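Each remark here refers to the structure printed beneath this line.
The values are calculated or read from the model by the stated rules, or taken from the named source; none is laboratory data. These numbers come from a predicted model, not from an experiment. Ideal geometry is used to build each Cβ from the backbone, glycine not excepted, and the neighbour counts take in all protein chains shown.
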Amino acid sequence: MTTPRAHAIGPKPSPCRFHQARWDEPIIFEHSVPGARGVLIPELEDGIRERVGSPADALPAGVRRVTPPALPEMAQVNVLRHYTRLSQETLGVDVNIDVGQGTCTMKYSPKINESFARDQRIADLHPLQDESTVQGVLEIMWHLERLLCEISGMDRVTLQPPSGSAAIWTNVSMIRAYHASRGEAEQRDEVITTAFSHPSNAACARTAGYTIITLQPDPVSGRPTLDALKAAVSERTAALLITNPEDTGIYNDEIDEFVRVVHEAGGLACYDQANANGVLGIARAREAGFDLCHFNLHKTFSTPHGCGGPGAGACGVTEALVPFLPSPTVERDGGRFRLDHDRPRSIGKVQPWYGSAPNQVRAYAWIMSLGAEGLRQVAETAVLNNNYLMRQVLAIRGLSAPYAQGERRIEQVRYSWKGLADDTDVHIDHIAARMNDHGGHFWSSHHPFVVPEPMTLEPTESYSMHDLDEHVAMLNAVAEEAYADPDTVRSAPHRSTIHQVDDSWLDDPEQWAVTWRAYLRKHSTPMEASSDEPAD
Amino acid sequence: MNHRPGPTIHPYIPNTIPAVREAMLETVGAASVDELYAAIPAHLRLTRPLDMPAPLSSETELRRHVGGLIDRNTSTRQLVSFLGAGCYDHQVPAVCDEINSRGEFLTAYAGDPYEDHGRFQTLFEFASMMGELLEMDVVSVPTFDGHQAAATALRMAARATGRRRLLVNDHISRDKLSRIADYCEPGLEIVSLPTDATGQVDIDELRSLLDDSVAAVHLDQPSFLGVVETHGAEIVRLVHETGALAVVSVDPSTLGVLAPPATWGVDIVAGDIQPLGIRQHFGGGHGGFIASADDPKLVMEYPTRLFGLTGTSVEGEYGFGDVAYERTSFAVREEGKEWVGTAAGLWGITAGVYLALMGPQGMTELGERMMARTRYTMERMAEIPGVGLPFAGGHHVKEFVVDFNATARTVASINSGLLARGYLGGADLSGTFPDLGQSALYAVTEVRSQAEIDGLVEAIAEVLR
Amino acid sequence: MPDRPSQDVLRLGLIVNPIAGLGGRVGLKGTDGAGMAERALDLGAEPRAAARAATALRRLAEAWPAGQAPPMLICGAGEMGASAAVAASWPHEALGERRTRTTADDTRRLAVALAESVDLLLFAGGDGTARDICEIVTDHLPVLGIPAGVKIQSAVFATSPGAAGEVAARYLATSARRTVEREVLDLDEEAYRAGHVRPRLHGSMRVPRGPRLQSRKSPAPAGDAAAMASIAAEVEGLLEPGRRYILGPGTTTRALALRLGLEKTLVGIDAFEVEADGPRLLIRDAAEADLRDIVRDGPSSIVITPIGGQGFLFGRGNQPISPEVIRVVGRESIIVLATPGKVAELAGRPLLVDTGDETLDRELAGHIRVISGRGERAIVRIESA
């Protein structure tokens, strides 16, 4: 091993001297050059043209489009460059240490799995092709279901929901169908959840018409209490929808008791496993007694988040709920795989076809590459990373982790910047913006804030110790700066693609602009009349 | 299972190096990782390893297995496909695949307007280009798919009007109808709006069904069975007379030739963006959109995010943010909230790339050429004895129904014969539209050549022989 | 709705209560009441309200968009505003005479002078100052408090002086001005000095809506006004014909009255009965004896919302709902309302009851369903204070 000599190039600072890409890209319409073409489509053969002419010309007035759409006109390379530059002005897991989007499990999506998902024998399959031509993808779906059954302990799993929220919606629909099948749909009109469960649980159940009953955290342990649950359950209880560990990273150690209390009242227990990453191979829905559960393949099982989708959800159920699973299911008859549409009690489809096939393929490949031991390593490392990060983060001035003092957390922690805000009048939106100047960020979770000035960090298994140290260095630098030079933090970002957004238009119907055409209509000034005076 | 001398160092898990683990455990003050799980009681722990196949640790092993499974599929690149029914084999420009493969876009999520300025701009541009195609000023960020977009648009209309009945055209995808029904339960009543013999909305039936309890009327343009609605303006006038809203689901790939529903006065337009540069993905390539005029009353009803353009503290800089963020403060949602989640951001970006590549000329040519290829296919099909075209009198852009009842053959058996000859015949309607008997829905996009169409016609004739 | 016709030059009012905050550092818990300010000054208290107002003005200037004409500042003379303006180097117009000792009357007089002529009124003080201004201004004038007093219970204050400057700049610099109604609370200082926290609701004012965050992945939940309307819609659906309802004080219960078409007092206890043709107001601003009469004949309920950050349910500002009244109504007929924001603020802490009857307090203890919106309940614990 060698060490650089004193006069050699100095070491890299920590945090690094980040600067975000800044291309000052115009809005795409401003690139338009009349007549330019980005792509051509096949010409009509003479045989077609001669036989049918132009059927579009036969469309009646009012049915035929009069003016071509005012889309930009661009050469191909200009389109490519525009979007490539905009991609550079976006930070994903491939680029930064993405631990700040806590609850989202921003882990590495292996590149080899991309090649599977993008193989034309997946990407160019039509969902109505004859089953004999899609045996491979059906087999992948069938096997993935079995793997997720083993991971959850449930009897069957559907891969159809296109996201985690859609999976919750699917579970709620199955709960409704289950109670309806027993003649109790009217009577059971309440769903219980907790303040730190993922908020989609309440939103989905509410959309389905249920009254939502939210259990509040114990002010010391941060956990929902059995007493509160007992006060909530009744003959009107349809289900408990609960996340565990909750979004605080705190594990509910009485979870099986919760399930028992709900079962005694005749309700179903549904496990939101959005935070499953820390308990893979450690604890399962089955052992805690749950009737339903769901995973997010784009969180726990590594499929990429795609700037907000396509995601993929998977719902697991016990035998009693199997008849209500979305249709079709994938079945195996000997060596053949088929789609079973003949499911009279099914809640129907929750996606136009069978879910997000590319993500199912990626998740399958990811699990197969890790196996049982690898999944356990994922969980253990996610938990180790989280507790390591928490130890470092809590040394930062002005930061705390409310509830469950002295306890370990599972795979994430909801921290509070309240101390720093009280001391410096610098708040989470300022801190988050300043983190952008270091190539990091966090998002401020969900309103209303039960934890004041919240920040949720979820380091997953994908980041090295050095990555975590670097992230802590960023947070620490921003915190120290908030004390020493709060105005710099409040006026951030300074080294990002753009500077502080003026949001004054965004709530004003006279000024907001959701599209370029609306912007031009509302904010263009008429061209100044040109002077009639001849030049010179 | 292979015996390994030491712990596995996983390439995806940096901190599996024993020395690093030790150092980290020391920092957290734990003797083992197991200590960190102290909160999980023993009786809830899994006491055995998960039962699953041995890991395929190297890329070679993984590719051998997964690649082997993928190889058992035969795609629409090897087969000549006339399948549509909501998922289409259109030309996908290489730049679309290039951009949606970029790691920055692929692996970003929900960052703020500073971290992910590029994401905000691309999605604003997506909405803006869709706005031009639709001639509407407000377009949502992508929703899950066209089915959900239609369901959401109808819920919006119900909230905006305070009414509870929805008239839904009956030539609609059965899956879409079931999705609407599921999403609008409880509270909203769905009434079927009949179609006349031409495959268009039955105006007399519409008139008799409309009253002041109707919140909205929904129809597809073109209909699920491929027929272009030509009485749009009249339908919208009748709908508006009763104070209801007109909601139309449109296939955006047809809008180079078809007048955007906004020109008939439609209030909310929904649809699916899969035709815009996104592969079929076995049905996993969908994204939806919802659009309307810039009427604050409707804007306040969008459950999705709307990205707005604005300035920053620096002159000449574009910034973005959520428009009407506290939307619900305008109107109390007594009918309950809607849930939003991870939908189809990457497909929205892709559709934006597609529209920028196609431009006005590309979209116009796309529509015109699909119409010509479709009409050509219909005329050739009509030459086959026993094959009928029930709605041939109407206008079709890319889909039409073929009636095989007179051949005494099932669509299934015909399609099976076609498959043997390398063709994917049209979608079998016998289960979903039993009134049509043995009929199939054929789709002809811009990529189907004359040779392929002629080949299909020959193959059908052969199969029927 | 625009709050007032736009003028060429924006006008910002400023009232500084120079004696606000004096009591805190010297342990006097507030300066309300004759002679308290002098006592504080004698004890060595240093005035800080002007400095805090200056901080707000400086931040307002920093946050003001370049190229836009800054607002004209109209303020009290001397310590009532002008000295803060000078400290912040902000040109200003001072009203009234410079005084060495000021009282609540001076605050009120200045508020009267400013109320008709400014686009936004900033004031530096505490709950007492807010109360004084609340007596003067109407719904038409948006007001924002710069926290400078000892007691800050009211929701009309920004989180800090700097935040007040930012919120004011944001509000004045944009054309889309949104305000929200916020409660003005004050503690009974006599009781407070004796160690009792007793928030009382005094009224409400309209304040600029605060800054928002951009970084969430889904639309925000309803704001407070929408949450209250949502609660009102829910409760309306639960009302039973023939039953009498006692309405406690607060904006949340008033939103219910509004929905029912009843004109409710904000700080008083009112009651209504659901009759065949709808709800009918029985009494406004009821005394304890009135409530006892009301609950005596026939089924009745109490509709109540916790007041202030401590989460008091009974015994603070709603004393006419006496132990006797509560006993007749019964625990199962107590309907508790709280917006999701209020529930979140509790962060799991219990709601407190101090009815004056310890046995009743113990009987009321335990979990209760709080109505937090249309189809939304929170399970919250009640504890004896």
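I need the full set of residues from the range B:87-106 which are more than 7 Å from chain A (Cβ to nearest Cβ), hydrophobic (A, V, I, L, M, F, W, C), part of a helix (DSSP H, G or I) and in contact (Cβ under 8 Å) with a residue 40 or more places away in the chain, in order please.
The answer is B:Cys96, and nothing else.
Would you kindly identify the strands (runs of 3 or more DSSP E) lying entirely within the range A:192-301 that contain at least 2 residues that are within 14 Å of chain C (Cβ to nearest Cβ)?
By residue number, A:211-215, A:237-243.
Considering each residue of the range A:200-228, count those that are under 18 Å from A:Ala285 (Cβ atoms) and modelled with pLDDT of 95 or more, and give that number.
1
Scan the range B:148-170 and tell me whether some residue there is away from every other protein chain (no Cβ under 13 Å), closer than 28 Å to A:Arg64 by Cα, polar (S, T, N, Q) and not in a loop (DSSP other than H, G, I, E, B).
Yes, the conditions are met somewhere in the range B:148-170.
Here are some residues: B:Val28, B:Val66. Which one is within 7 Å of another protein chain (Cβ to nearest Cβ), of a type in the set (A, V, I, L, M, F, W, C) and more than 45 Å from the chain's Cα centre (by Cα)?
Unique residue meeting the criteria: B:Val28.
When you go through (1) touching a helix residue (DSSP H, G or I) at 6+ places or on another chain (Cβ under 8 Å); (2) at the interface with chain B (Cβ under 9 Å from one of its Cβ atoms) one by one for A:Ser163, which number turns out not to apply?
The single condition A:Ser163 does not satisfy is (1).
Could you check the range A:420-447 and list, in sequence order, the residues that are more than 20 Å from A:Val501 (Cβ to Cβ), more than 20 Å from the chain's Cα centre (by Cα) and in a loop (DSSP other than H, G, I, E, B)?
The one that is more than 20 Å from A:Val501 (Cβ to Cβ), more than 20 Å from the chain's Cα centre (by Cα) and in a loop (DSSP other than H, G, I, E, B): A:Asp425.
Give the range B:390-413 a look and list any residue that's closer than 25 Å to B:Ala372 by Cβ, outside any loop (DSSP other than H, G, I, E, B) and more than 25 Å from the chain's Cα centre (by Cα), or say none.
Result: B:Asp403, single match.
Only one residue in A:Ala185, A:Ala239 is free of Cβ contacts under 8 Å to residues at least 24 places away in the same chain, of a type outside the set (Asp, Glu) and closer than 30 Å to B:Leu188 by Cα. Which one?
Just one listed residue meets the conditions, A:Ala185.
Kindly evaluate B:Pro49 against the criterion of being at pLDDT below 95 and not in a helix (DSSP H, G or I).
no
Check off (1) closer than 22 Å to C:Val235 by Cβ; (2) without any contact (Cβ under 8 Å) to a residue 24 or more places away in the chain for C:Asp293 and give me the number that stays unchecked.
Of everything listed in (1) closer than 22 Å to C:Val235 by Cβ; (2) without any contact (Cβ under 8 Å) to a residue 24 or more places away in the chain, C:Asp293 misses just condition (1).
Filter the range B:254-296 down to the residues that are acidic (Asp, Glu) and surrounded by fewer than 24 Cβ atoms within 10 Å (Cβ to Cβ), then identify the one that is farthest from the other protein chains (Cβ to nearest Cβ).
B:Asp295
Would the range A:290-313 turn up any residue that is farther than 27 Å from A:Lys107 by Cα, surrounded by fewer than 24 Cβ atoms within 10 Å (Cβ to Cβ) and at pLDDT 95 or above?
No, there is no match, as no residue in the range A:290-313 is farther than 27 Å from A:Lys107 by Cα, surrounded by fewer than 24 Cβ atoms within 10 Å (Cβ to Cβ) and at pLDDT 95 or above.
Here are some residues: A:Gly334, A:Gly308, A:Gly313. Which one is of a type in the set (Gly, Ala, Ser), touching a Pro at 6+ places or on another chain (Cβ under 9 Å) and closer than 21 Å to A:Glu145 by Cα?
So the residue among A:Gly334, A:Gly308, A:Gly313 that is of a type in the set (Gly, Ala, Ser), touching a Pro at 6+ places or on another chain (Cβ under 9 Å) and closer than 21 Å to A:Glu145 by Cα is A:Gly313.
Looking at (1) surrounded by fewer than 18 Cβ atoms within 10 Å (Cβ to Cβ); (2) in contact with a helix residue (DSSP H, G or I) (Cβ under 9 Å, 6 or more places away or on another chain); (3) not in a helix (DSSP H, G or I), which one does B:Leu56 not meet, given that it meets all the others?
The single condition B:Leu56 does not satisfy is (1).
Out of B:Val299, B:Val332, I need the residue that is surrounded by fewer than 23 Cβ atoms within 10 Å (Cβ to Cβ), of a type in the set (Val, Ile, Thr) and modelled with pLDDT of 90 or more. Which one?
Just a single option satisfies the conditions, and that option is B:Val299.
Return the residue satisfying two criteria in turn: it lies in the range C:272-298 and is of a type in the set (Asp, Glu) and closer than 18 Å to C:Gly330 by Cβ, and of such residues it is surrounded by the fewest Cβ atoms within 10 Å (Cβ to Cβ).
Among residues in the range C:272-298 that are of a type in the set (Asp, Glu) and closer than 18 Å to C:Gly330 by Cβ, the one surrounded by the fewest Cβ atoms within 10 Å (Cβ to Cβ) is C:Asp297.
Considering each residue of the range B:240-253, count those that are hydrophobic (A, V, I, L, M, F, W, C), surrounded by fewer than 24 Cβ atoms within 10 Å (Cβ to Cβ) and over 19 Å from B:Ile172 (Cα atoms), and give that number.
Total meeting the criteria: 0.
Among the residues of the range A:299-334, which ones are under 10 Å from the mean Cα position of the chain (by Cα) and small (Gly, Ala, Ser)?
If the condition is that a residue be under 10 Å from the mean Cα position of the chain (by Cα) and small (Gly, Ala, Ser), then A:Gly306, A:Gly308, A:Gly309, A:Gly311, A:Ala312 are the ones that fit.
Inside the range B:200-232, can you point out the residues that are closer than 27 Å to A:Arg65 by Cα and without any contact (Cβ under 8 Å) to a residue 24 or more places away in the chain?
B:Asp202, B:Asp204
Inside the range A:20-138, counting only helices (runs of 4 or more DSSP H) that do not spill past its ends, which hold 2 or more residues that are more than 7 Å from chain B (Cβ to nearest Cβ), at pLDDT 95 or above and surrounded by fewer than 20 Cβ atoms within 10 Å (Cβ to Cβ)?
Passing ranges, in order: A:46-52, A:76-88, A:111-117.
Within the range B:421-452, count every residue that is at the interface with chain A (Cβ under 10 Å from one of its Cβ atoms) and either over 26 Å from the mean Cα position of the chain (by Cα) or of a type in the set (Asp, Glu) (or both).
Within the range B:421-452, residues that are at the interface with chain A (Cβ under 10 Å from one of its Cβ atoms) and either over 26 Å from the mean Cα position of the chain (by Cα) or of a type in the set (Asp, Glu) (or both) number 4.
Restricting the search to the range C:43-93, which residues are in contact (Cβ under 8 Å) with a residue 12 or more places away in the chain, part of a loop (DSSP other than H, G, I, E, B) and in contact with an Asp or Glu (Cβ under 9 Å, 6 or more places away or on another chain)?
C:Pro47, C:Pro65, C:Ala69, C:Pro71, C:Ala77
Would you pick out the residues in the range A:4-37 that are within 28 Å of the chain's Cα centre (by Cα) and among the β-branched types (Val, Ile, Thr)?
Correct list: A:Ile27, A:Ile28.
Tell me which of these B:Leu357 doesn't satisfy, since it passes every other one: (1) surrounded by fewer than 23 Cβ atoms within 10 Å (Cβ to Cβ); (2) touching a helix residue (DSSP H, G or I) at 6+ places or on another chain (Cβ under 6 Å); (3) hydrophobic (A, V, I, L, M, F, W, C); (4) under 27 Å from B:Gly131 (Cα atoms).
Failed condition: (1).
What is the residue count in the range B:190-223 for residues that are more than 24 Å from B:Ala392 (Cβ to Cβ), acidic (Asp, Glu) and either buried (at least 16 other Cβ atoms within 10 Å of the Cβ) or modelled with pLDDT under 95 (or both)?
0
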